[in-house]
Every structure is written in structure tokens, then in C-alpha cells.
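Quick notes on the structure that follows.
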Amino acid sequence: MGYKSIDEINEKIKSGKAVVFTAEEIIDVVAEKGIKQAAKEVDVVTTATFGPMCSSGAFLNFGHSDPPIRMCKVWLNDVPAYGGVAAVDAYIGATELSETRGMEYGGAHVIEDLIAGKDIRLYAESYGTDCYPRKEIDTYINKTNINQAFMFNPRNCYQNYIAATNTSDRTIYTYMGTLLPKCSNVTYTTSGQLSPLLNDPYYRAIGVGTRIFLGGAQGYVAWEGTQHNPGQVRGENGVPIGASGTLAVIGDLKKMDTRFIRAAVFPKYGVTLFVGIGIPIPVFDEEMLMYTAVKDSEIFTNIMDESVPSRARPALGRVSYAELKSGFVMLNGKKVPTAPLSSIKKAREIAELVKMQIMKGEFLLAQAVAELPRENKVNTLDIREGDN
């Protein structure tokens, strides 16, 4: 069939005639009508994920005091923020910990509290200059009395990710949650057939400038994410087995909703931020639709032993997301319970919400201005002789 452009699809959205399905719904549509007919009829497929995305944070501009201060060291509710940007700009990272409450509260909580409209204590210090003579400030801010607050997340929306287990004799506490001894549980953190980049494995639709749903607001793909590594082994359907691609994303924090941005604590590991992302995929042609009809049974990942302190740890097995979502997998002849760190329920809610916004004409698609790299290599840190 012929190529369907973003402009053509947007005209259908504006006129209320766009045909939109979620990435789960499209599986049944394709099974009923076939790729060729479904590609003629369907305009957009919505994808989504909601899970822990540690590489997240927000840029804030507080506005100037009188007399003004050049903020060198900044704390928000006792959580250090990076002040080396400009006089009253700062970046608060999701995983930064409170200096008074430790793992109970961190940057992710500050971000959630800001979105909720709560007052945040701002304390900052400076060495003082002729143009910025003030050396200290202690006040309160919220999202209505600061100039800008926008989320900029360097690495979100992993294309695929590992499943994790623990072969050791003790419980371990990791970025993949609490792992019980002797392979007594397996955790995973991808929404499978709903996940955005698994529905666009070669980045034909998703690129720099793509409009997305980010935390309850409309945002954009800003760049490839850090650790973007599309050179992973791929199955016959193009879906990578390893972590593969990532996205850097940006959006207006003031318009976000705490239903889709939630702080969390992983016991004895640290603070993280659950981020909700939804990405509509335009159905350009039959190939694009074929990718969006991928099923959990066709998406595989490796089970890795997190008790091995090496990035070169061996895979203990390979499983599909259909198996993971069933609640159990077979590992070394043993039936092992599985648990998702991401929320499939929330991902479904986001995919449905984006679908409704498109059908109401409230969410137009944006043409990517640059493609994401399809070839890349992620380097590991070279520990030289003599380094600790």
C-alpha cells in the first residue's frame, strides 16, 4: 500500500475521523482483518509504559531575589540540587537523597511534591559577587511562583530490559528490586507488547521531536537517551533481546499529574521515580503496522543473575514476556514466581488516554526532525592499573 504521511493522519485527527487503537487492541484487529486491510483502515497505534526510570530529573528557574544571589549550592527539602548552571537555575535529579532523611526521601519526592502543588523549602548558599551580593537564601517555592519547571530525563523508556534473579544464599537489594536467595523470584520491568520502542524496533516513527505523553502532559523526545545501544541481538521480528534503545525526553512539569509521576523507594537500594510515558505511532504503511502488532509471546529477554558483581554476568535463561506475565517461569527445572516492577495497569490507562485524546483532536502527531541512531556501541568504564 502507499505511504501515509503525518500530515494526512493529522488532518484525519483534526476532523475527528482518525482510527486509533492501543498496541494491545491492534493485535486482535490484525488477526481479524490481516495486515493489508488493517493498514488501510488504522491511522495510529498508541503505546505506553509506566515504570521506574532512575535517569530522570527537572530543571528549575527560581527567579531572582532582592538583593540577588548566585546560587552555588542548592537544597530542596534538604535534597541537594545541582546549581552549576546559572545564577538561579538548578537541576534536581530523581535519585539524589535527602541529607536529613536519607533513603526515605529524595529528588523523586521533591519532583512529585512540586507537581502536587506543595511548598518546597529552598535553601541556597553563595560566595557573593558585586552583581550578586547575597550569600544565603532560605525560602519556600512551589510550581506557581517559580519561572520554569520542566522535566528533562536523560534516559527513559528502555526498549527492552533484563529479567533478574539471585543465585546466592542471601537476599540482595538491587535496582531490580529485592531478589530472594537461590532463585526464589524473578523481577522484570517492561510493559512488553505495550512498550513504545518494542512497537517501533527500528525507530521508523519515533525520533527527535516526536510528541509524547509524559507524566500527564504533552512532551517531546529530545534526543537519544544515554546508554542508547541499538546494536543488540534482535529476533526475526526486529525486537532486540537486550536493553537496546533509550529516549531522552522533555516536558512541562507544571502541567504534569501525580497519577503518572510517582516517587518510590527500593528498600536498601535507593530512591527512584516512576514515569508514565505514552507514544502514538503513526501507521505509515503495512510494515509499520506489522511492528505494532507484536505480541508478548514474540518478545524475549534474558534472566540475569544480579548476585554476580560484573556487567559480564552470564544469562541463566531466555523467556518471553508472555511467560513473565503469567506469574511463573521455569528456571533450571524449577517453577519460579515472577513480579513486574512496572505497572501494566497504568500503561494500559496511559495508552487508552492517549487514544482518547487523539480521537478528540487534542493530541496531534509530530514529525520527527531527526532519526535516532540505529547503530551504536555502549562503552564500559576502563579501570586502569592503580585506580581504586
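The values are calculated or read from the model by the stated rules, or taken from the named source; none is laboratory data. Because the structure is a prediction, the values reported are computed rather than measured. Positions of Cβ are backbone-derived with ideal geometry, glycine not excepted, and every protein chain shown enters the neighbour counts.
Of the residues PHE274, PHE266, the single one that is of a type in the set (Phe, Trp, Tyr), surrounded by 20 or more Cβ atoms within 10 Å (Cβ to Cβ) and either modelled with pLDDT of 95 or more or under 20 Å from ASP200 (Cα atoms) (or both) is PHE274. Restricting the search to strands (runs of 3 or more DSSP E) fully inside the range 1-96 and requiring at least 1 residues that are of a type in the set (D, E, K, R) and more than 29 Å from ILE350 (Cβ to Cβ) gives 73-76, 89-93.
Put simply, of ALA94, ALA149 the only residue that is closer than 17 Å to PHE266 by Cα and small (Gly, Ala, Ser) is ALA94.
Scan the range 10-31 and give yes if some residue there is crowded, with 17+ Cβ neighbours inside 10 Å, in contact (Cβ under 8 Å) with a residue 24 or more places away in the chain and in contact with a Cys (Cβ under 9 Å, 6 or more places away or on another chain), otherwise no. No, the conditions are met nowhere in the range 10-31.
Return a yes/no flag: does the range 296-305 have any residue that is in contact with a Gly (Cβ under 9 Å, 6 or more places away or on another chain), over 18 Å from GLU371 (Cβ atoms), in contact (Cβ under 8 Å) with a residue 24 or more places away in the chain and in a helix (DSSP H, G or I). Lay out the reasoning, then the answer.
Here is the first cut: in the range 296-305, the residues in contact with a Gly (Cβ under 9 Å, 6 or more places away or on another chain) are 296, 298-303.
Filter once more, keeping what is over 18 Å from GLU371 (Cβ atoms): 296, 298-303.
With in contact (Cβ under 8 Å) with a residue 24 or more places away in the chain added as a condition, the list becomes 296, 298-303.
Checking the rest, the ones that are also in a helix (DSSP H, G or I) come to 296, 298.
Scanning the range 296-305 turns up at least one residue that is in contact with a Gly (Cβ under 9 Å, 6 or more places away or on another chain), over 18 Å from GLU371 (Cβ atoms), in contact (Cβ under 8 Å) with a residue 24 or more places away in the chain and in a helix (DSSP H, G or I).
As for the range 133-149, it holds no residue that is within 21 Å of the chain's Cα centre (by Cα), crowded, with 21+ Cβ neighbours inside 10 Å and assigned to a loop (DSSP other than H, G, I, E, B). Taken over the range 117-132, residues that are under 38 Å from the mean Cα position of the chain (by Cα) and surrounded by fewer than 12 Cβ atoms within 10 Å (Cβ to Cβ) amount to 2. Between TYR123, TYR132, the distinction of being within 25 Å of TYR91 (Cα to Cα), of a type in the set (Ser, Thr, Tyr), in contact with a Phe, Trp or Tyr (Cβ under 6 Å, 6 or more places away or on another chain) and not assigned by TED's automatic domain parsing to the domain that holds HIS228 belongs to TYR123 only.
Taken over the range 201-226, the criterion of being assigned to a loop (DSSP other than H, G, I, E, B) and either of a type in the set (Val, Ile, Thr) or in contact with a Ser or Thr (Cβ under 6 Å, 6 or more places away or on another chain) (or both) is satisfied by ILE206, THR210, GLY225, THR226.
Scanning the range 166-176 turns up no residue that is part of a loop (DSSP other than H, G, I, E, B), touching a Gly at 6+ places or on another chain (Cβ under 7 Å) and either small (Gly, Ala, Ser) or modelled with pLDDT under 95 (or both). Taking LEU364 as the residue in question, decide whether it is at pLDDT 95 or above and not in a loop (DSSP other than H, G, I, E, B). So LEU364 fails the test.
Comparison of LYS335, LYS295, LYS325, LYS346 shows that the only residue that is over 26 Å from THR47 (Cβ atoms) and modelled with pLDDT of 95 or more is LYS335.
Residues of the range 32-53 being closer than 12 Å to ASN199 by Cβ and either out of contact with any strand residue (DSSP E or B) (no Cβ under 9 Å at 6 or more places or on another chain) or free of Cβ contacts under 8 Å to residues at least 60 places away in the same chain (or both), which ones? Of everything in the range 32-53, nothing turns out to be closer than 12 Å to ASN199 by Cβ and either out of contact with any strand residue (DSSP E or B) (no Cβ under 9 Å at 6 or more places or on another chain) or free of Cβ contacts under 8 Å to residues at least 60 places away in the same chain (or both).
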